[in-house]
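Chemist: Attaching a single structure in structure tokens format; questions to follow.
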Amino acid sequence: MKIMPVSMPKDIDKYFFNRKKDINMINTQLSTVKFDIPPQLLITGYRGVGKTFLLRKVLNDQNTDILTAFIDISEIMGRQKGNLTEEKILKVILSSIDETISQNKNSYNNWISKITSYIKKLELKNYDFSDNTSVLDIPIPVISDNYDKLSKFVMELPQKIVDSSDEINGFIIVIDEFQLLKNLEKPDAFFWLMRSYAQKQFNVGYVFTGSVSKTSDIINMINGQEGAFGGRLIQINIEPFTSDETKRYIDEKSNNLKFTEEGFKRFYACTRGIPLYINSLSSVLPNNMVCDEKIIKETLQLNIDQIAMMWIYIWGRLSQGEKDFIIYLLENDGASRSTLDNELSYSKSSITRFIDSLSNQGIIEFSFDKKFVLADKMLKLWLKIKFETTGFYPL
Ligand SMILES: Nc1ncnc2c1ncn2[C@@H]1O[C@H](COP(=O)(O)OP(=O)(O)O)[C@@H](O)[C@H]1O
Ligand SMILES: [Mg+2]
């Protein structure tokens, strides 16, 4: 039986569909890492559109002379207790670099001895071996009074590794859900720090990616005129599948799903070509009959919680104000800033906060007719169906 996964499968290639153009575009950028031109990318796109999947594949497919590390900030946020700090991020970057180089058995010992002597040179004297985040053989320093040195150490490490090995020509580091770095006390300082090191490491490429709206302030903070990377990050937006791509994808990878013409139109209108929704809706549709509009509508109604599952989680973490804001946009089909200021019973500064936070999470976007609108059709549908069936919006 063929499966269309709704979470990251182990065997990416088995489930991965197409994206040839995006892969080419990204690889063209990344390939400069060998030639002393450090690639720096910012990859945006709706939640569920396939950014993580795509980048995992791109990293997997790099030649062996390129080392790669994948850092998911949402995982760090999920695991940690207390506030997100720069130290935590740096430690995770460090352990993921370590994980990468430890796979290269031939060079590992050599690297470790170089790294250790580098630590000594930096005078990172206070090693903390007891900490469970200390990684394999790299002694992690205690950082409380050592932040500058620790950041220097971690941020310069990838280039050091490239320099110390003839077989390695580059290091590519992906920072996924980077918008969550906004939870740091001084996010812009951290971006500036990364930028200042990234600039001087000619064989290290950085890829920032996240489900942020293109108009969010975090993009400005990292790549705007005044932002840390000042427009130097090459911005690539990953688009949903087109209707044709969706059709081909279903033909190739689904478990024999069949649609009437109207049925497929409905299917595409509901999923909007977002692979996450294509996969989750496909997994609940019957595969022993031809799906028409009615079947799709009913299946969606009945299974909305399963299909919109990630929204249940995200919704639960929003503040009441943010929920009220979203519901207002839902019921009014979007609203301009001045309407929001007049109609919502929140202060202007609260409304500004809602807008920042919701656009950084890719939940709202600023439309061409200068209104704030909900960015995700499935979120709308979920709220609507919940309201219709229970009489109130999810709490
Ligand atoms: N190119 C693709 N081919 C097949 N399935 C995909 C593809 N891109 C994404 N998916 C599916 O959609 C899900 C969500 O993708 P993901 O990369 O996590 O989205 P994002 O990171 O943009 O939020 C994945 O778990 C996978 O099942
Ligand atoms: Mg992702």
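Chemist: In a Gaussian network model over the chain where Cα atoms closer than 10 Å are linked, find which of 13, 98, 369 has the largest mean-square fluctuation.
Modeler: 369
Chemist: Still on this structure, please answer the following. Can you sort 149, 297 by solvent-accessible area, 1.4 Å probe, largest first?
Modeler: 297, 149
Chemist: Restrict the search to segment 2-59; then list the trypsin sites (Lys or Arg not before Pro) that DSSP places in a loop and that have at most 10 other Cβ atoms within 10 Å of their Cβ. Present the calculation step by step, with values, prior to reporting the outcome.
Modeler: Working: sites: 2, 10, 14, 19, 20, 21, 34, 47, 51, 56, 57; in loops: 2, 10, 19, 47.
In loop regions of segment 2-59 (DSSP not H, G, I, E or B), the sparsely surrounded trypsin sites (Lys or Arg not before Pro) are 10.
Chemist: Using only the heavy atoms of the protein chains and a 1.4 Å probe, how would 58, 6 rank by accessible area, largest first?
Modeler: 6, 58
Chemist: OK, next. With a 1.4 Å probe and every protein chain left in place, tell me how much accessible area residue 221 has, in Å² to the nearest 10.
Modeler: Only protein atoms counted, so the area is about 40 Å².
Chemist: Write down the Å³ per residue value for the convex hull defined by the alpha carbon atoms of the chain.
Modeler: About 159 Å³ per residue, rounded to a whole number.
Chemist: Using a probe of 1.4 angstrom, how much of the accessible area of the chain is carbon and sulfur, in percent?
Modeler: In the chain, the share of accessible area belonging to carbon and sulfur is 50 percent.
Chemist: Please list 341-347, 225-231 highest first by mean number of surrounding beta-carbon atoms within 10 Å per residue. Mind dumping the intermediate values first?
Modeler: Values: 341-347: 12.4, 225-231: 14.4.
The packing order, highest mean first, is 225-231, 341-347.
Chemist: Let me ask something else. At 222 nm, what value in deg cm²/dmol follows for the chain if DSSP H runs of at least 4 each add -39500 (n - 2.57) and the sum is divided by all its residues, to the nearest 500? All intermediate terms of the calculation are to be shown ahead of the outcome.
Modeler: On the way: 18 runs with 207 residues, N = 395.
Dividing the helical sum by the residues of the chain leaves -16000 deg cm²/dmol.
Chemist: If the viscosity is 0.692 mPa s and the temperature 37 °C, what translational diffusion coefficient in µm²/s does Stokes-Einstein give for segment 311-388 when Rh comes from Kirkwood over Cα pairs?
Modeler: After rounding, the answer is 261 µm²/s.
Chemist: In the structure displayed, which of 265/294; 348/384; 91/149; 114/152; 57/247; 258/294 lie more than 18 Å apart, Cα to Cα? Each step should come with its number before you reach the end.
Modeler: Details: 265/294 12 Å; 348/384 27 Å; 91/149 13 Å; 114/152 16 Å; 57/247 22 Å; 258/294 14 Å.
Over 18 Å apart, Cα to Cα: 348/384; 57/247.
Chemist: Using a 10 Å cut-off on Cβ atoms, rank the peptides 64-70, 360-366 from the highest mean neighbour count down. Intermediate values should be presented prior to the final figure.
Modeler: Values: 64-70: 18.1, 360-366: 23.0.
So the peptides 64-70, 360-366, ranked by packing, come out 360-366, 64-70.
Chemist: Additional query: Round to a whole angstrom and tell me the spacing of the C-alpha centers of segment 318-395 and segment 192-218.
Modeler: Centre-to-centre distance over Cα atoms comes out at 29 Å.
Chemist: In whole Å, how far is the Cα centre of segment 158-177 from that of segment 270-301?
Modeler: 43 Å
Chemist: Based on the mean of other Cβ atoms within 10 Å per residue, sort peptides 247-257, 370-380 so the most packed one is first.
Modeler: 370-380, 247-257
Chemist: Give the share of C-alpha pairs in each 10 angstrom bin for segment 145-302, from 0 to the last occupied bin, in whole percents, shortest bins first.
Modeler: It works out to 9, 28, 19, 18, 17, 8, 1, in whole percents.
The values are calculated or read from the model by the stated rules, or taken from the named source; none is laboratory data. Just so it is clear, the structure is predicted and the values come from calculations on it, not from any experiment. For neighbour counting, all protein chains shown are included, and Cβ atoms are generated from backbone atoms with ideal geometry for every residue, glycine included. Accessible surface areas use protein heavy atoms only, side chains included; no ligands, DNA or RNA. Shrake-Rupley method; radii C 1.70, N 1.55, O 1.52, S 1.80 Å.
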